[in-house]
Amino acid sequence: MGSIAEFFQHFMNGLTLGGIYALIALGYTMVYGILKFINFAHGDILMVGSYIGLFIFDAIRGESIGPFTLLAFFLAMLGGMAFSAALGVIIERIAYKPLRNATRLAPLLSAIGVSFILSNSAAWMWGTKSRKLAYPFDNTPIVFKGVSITPHQILILIVVVIMMISLKLFIDRSRIGKAMRATSLDRDTAKLMGIESDKIIAITFAIGSALAATAGFLLALEIKVYPSMGTMTGLKAFVAAVVGGIGNISGAMLGGILLGLLETFGVAILGIPYGLKDTIAFVALIIILLVKPEGLLGKAEKEKV
Amino acid sequence: MFNFVLLIFIYTGIYALMAVGQNLITGYVGLLSLTQAGFFAIGSYATAILSVTYGWNFWLTLPIAALIAGAFGFLIGLPTLRLKGDYLAIATLGFGEIVRNILNNWDSLTNGPMGIQRIPMVSIFGFRVSPYDKWGFLLLVWIFVFLAYLFYERIAKSRMGRALEAIREDEIAATSMGINTTRYKVWAFVFGAAIAGVAGSLQAVFILSVTPSVFTFMVSIMVLCMVVLGGMGNFKAVILGAFIIQFISYFPQLTGLSNVIPPQFKQVLFGVILVVMMIWRPQGILGRQQRGRLEKGEK
């Protein structure tokens, strides 16, 4: 017990989980950066994305596992992403946009409503029974010096890294990314500079939702797909966004990975009972909010009159 | 059938108590707390454990339940109320989940997922108020609702109520007027939690058993819907809201359509209510209680 191999084993597990949290956290943080509002329905958009991905994958994968299966897997993922992106934009249009100048409480309540609508409609349409995503390839763990890594974990890590790098490049280098940063800094001034802020907000929702769908589809490799899968996962990812510093892209990535590691090590090494695993995130949230409310990488914000 | 209507009114009463507490927190102070289910659970378990394990009388456990729930309100409020609105929502939601998690796992105290059964019935001056006697229990619950209404209405009209409204309208201005905002917010939280504890205690002696699975996030959402639908900042309105929401939630059983209407339907409807009310009628059905001040015009 407590050997180096075991440590690396938990580290790998935590990293995979953390990568998924990070992808979800990015959606929260991007929306918060621009609208200063928590999209409570984000976790449920993730759930819808993984269902759609699963349906597409089941429809096109065929019987035997071959080289096409992996292609089908990615196509299904893209399908789920596209669907979620559209869903995110529509939700923003209907439920959040009319409330942009309302009190702070209004969009929050509306978002809780949307979250409830999505998760319960899914249970209604697709049943509460959880579904399993068919494996796109053989998942025999690869054992390397006592550390076993499943091919799924490798796939998850690769996708997560690609997504993160492309998002970072998109935000830092592209014209739209620049407009997004400007909008998040000061929406009114950005508008005066000719940035169509409504369009930027829609794009932000689309990207965030697509990332959530990716995360949900990857998560489906490790756990099953069910209507309430987004709730707890979404909440934890939100905690990750806050830990990293909400509104900060790198912060969300860091926070997600830290939270994944914390959960894995908390159960495996600190001996926190498995039943209380879900509490770790919330304790982390309360501690970070007390000690460093702006998060690890966030800037402290002073409320102005 | 008629018994079923009485049952709806009993549940309306129990939830109205929680809604009154939520109204103080959300309607008056403008804080989005999502943890009424947690305080509800604490109240229920306090009564269940004290009366089953230690053999206490219900009337002794009731104030203890309110006190413990209030104390947790204080404990959770003190750190989290320094946070801005949105963080508070998540932190309180997290707290509700933690409570349920602990109830599920602390086997020696709460008997885990099995819960606690055989809670003794309430008796008052030698009369037993059995949950099977719907009229008696209805009366008991609504006496509590009436008392809570008077008490919370009193708070809202007092110096504290005015301070809470000032905090909601503009926290910085309130601070500069010398209002200790954190103290008032924590008090609102304590009162809001305590009454949910009372509701939990009543629920325990109505169902005569407690299990963790009852106290889900769904309960907090229902209570929130009641406040939003009735009208934030109006105690009569939230009691009306409680009735409407309970009526909706038992509608399939009431009309014998539970085979036709799927159980998710009401939840979807609750979601729709939240969204629609926010967009078209954020003040709720009855609206806020006016006290002759100008309504806030601009953002």
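In a simple Cβ point-charge model (Lys, Arg +1; Asp, Glu -1; nothing else charged), the protein assembly as shown has a dipole of about 1180 debye relative to its Cα centre.
Would you tell me the mean number of C-beta atoms belonging to other protein chains that fall within 10 Å of each C-beta in A:113-125, as a whole number? Walk me through the intermediate numbers first.
Values: counts 15, 4, 3, 14, 9, 2, 4, 11, 5, 1, 5, 6, 2.
What the average comes to for A:113-125 is 6.
Along the axis of the charge dipole computed for the protein assembly as shown (Cβ charges of +1 for Lys and Arg, -1 for Asp and Glu, origin at the Cα centre), the listed residues B:SER33, A:ALA106, A:ILE280 are led at the positive end by A:ALA106.
Per residue, the average separation of C-alpha pairs within less than 8 Å and at least 6 apart gives chain B a relative contact order of 33 percent. Ranked by the mean number of other Cβ atoms within 10 Å of their residues, highest first, the peptides B:173-180, B:27-34, B:46-53 come out as B:27-34, B:46-53, B:173-180.
Scanning chain B for GluC sites (Glu not before Pro) lying in DSSP loops with no more than 16 further Cβ atoms inside 10 Å, the longest uninterrupted stretch between such sites is B:1-294. On a straight-distance basis, which aspartates and glutamates could pair with A:LYS168 in a cross-link, Cα separation under 18 angstrom, same-chain partners fewer than 8 positions away excluded? Straight-distance partners of A:LYS168: none at all.
Per-peptide packing, taken as the mean over residues of other Cβ atoms within 10 Å, places B:203-211, A:27-35 in the sequence A:27-35, B:203-211 from highest down.
HN-Hα J couplings of region A:254-267 from phi, Karplus 6.51/-1.76/1.60, θ = phi - 60°, integer Hz, Gly and Pro as x? With coefficients 6.51, -1.76 and 1.60, one gets 4, x, x, 5, 4, 5, x, 5, 4, 5, 5, 6, x, 6 Hz.
Between amide H atoms placed 1.01 Å from N, distances below 5 Å from B:VAL122 occur with B:VAL129, all of them 5 or more places distant or on a separate chain.
Listed by chain and number, the aspartates and glutamates whose C-alpha is less than 15 Å from the C-alpha of A:LYS145, apart from same-chain residues fewer than 8 away, are A:GLU6.
Counting Cβ atoms of other protein chains within 10 Å of each residue's Cβ and taking the mean over peptide A:99-107 gives 5.
Dipole magnitude for region B:2-216: computed about the Cα centre from +1 point charges on Lys and Arg Cβ and -1 point charges on Asp and Glu Cβ, it is near 300 debye. Here region A:32-71 is scanned for amide nitrogen atoms under 16 Å from the site 7 Å beyond the Cα of A:ILE158 along Cα-to-Cβ, giving A:66-71. Under the combined filter of DSSP loop state and at most 11 neighbouring Cβ atoms within 10 Å, region B:96-175 retains these chymotrypsin sites (Phe, Trp or Tyr not before Pro): B:PHE125, B:TYR132. Computed from Cα positions, the angle between helix B:217-230 and the longest principal axis of chain B comes to roughly 50 degrees. The distance linking region A:212-251 with region A:138-155 is 23 Å (Cα centroid to Cα centroid, whole angstrom). Straight-line cross-link partners of A:LYS299 among the aspartates and glutamates, defined as a Cα under 19 Å from its Cα and at least 8 positions apart when in the same chain: A:ASP172, A:ASP186, B:ASP86. Total lysine pairs in chain B at Cα distances under 29 Å, for residues eight or more apart or on different chains: 17.
When you filter the trypsin sites (Lys or Arg not before Pro) in region A:74-172 for DSSP loop state and at most 11 other Cβ atoms inside 10 Å of their Cβ, you are left with A:LYS129, A:LYS132, A:LYS145. For the segment B:71-81, counting C-beta atoms of other chains within 10 Å of every residue's C-beta and taking the mean gives 1.
Please tell me the relative contact order of chain A in percent, rounded to the nearest whole number, where contacts are Cα pairs under 8 Å and at least six residues apart. Walk me through the numbers on the way to the answer.
Working: 483 pairs, mean separation 110.4, N = 305.
Contact order relative to length: 36 percent.
Where a number appears in this text, it was derived from the coordinates with a stated rule and is not lab data. These numbers come from a predicted model, not from an experiment. All Cβ positions, even for glycine, are placed from backbone atoms using ideal geometry, and neighbour counts span all protein chains on display.
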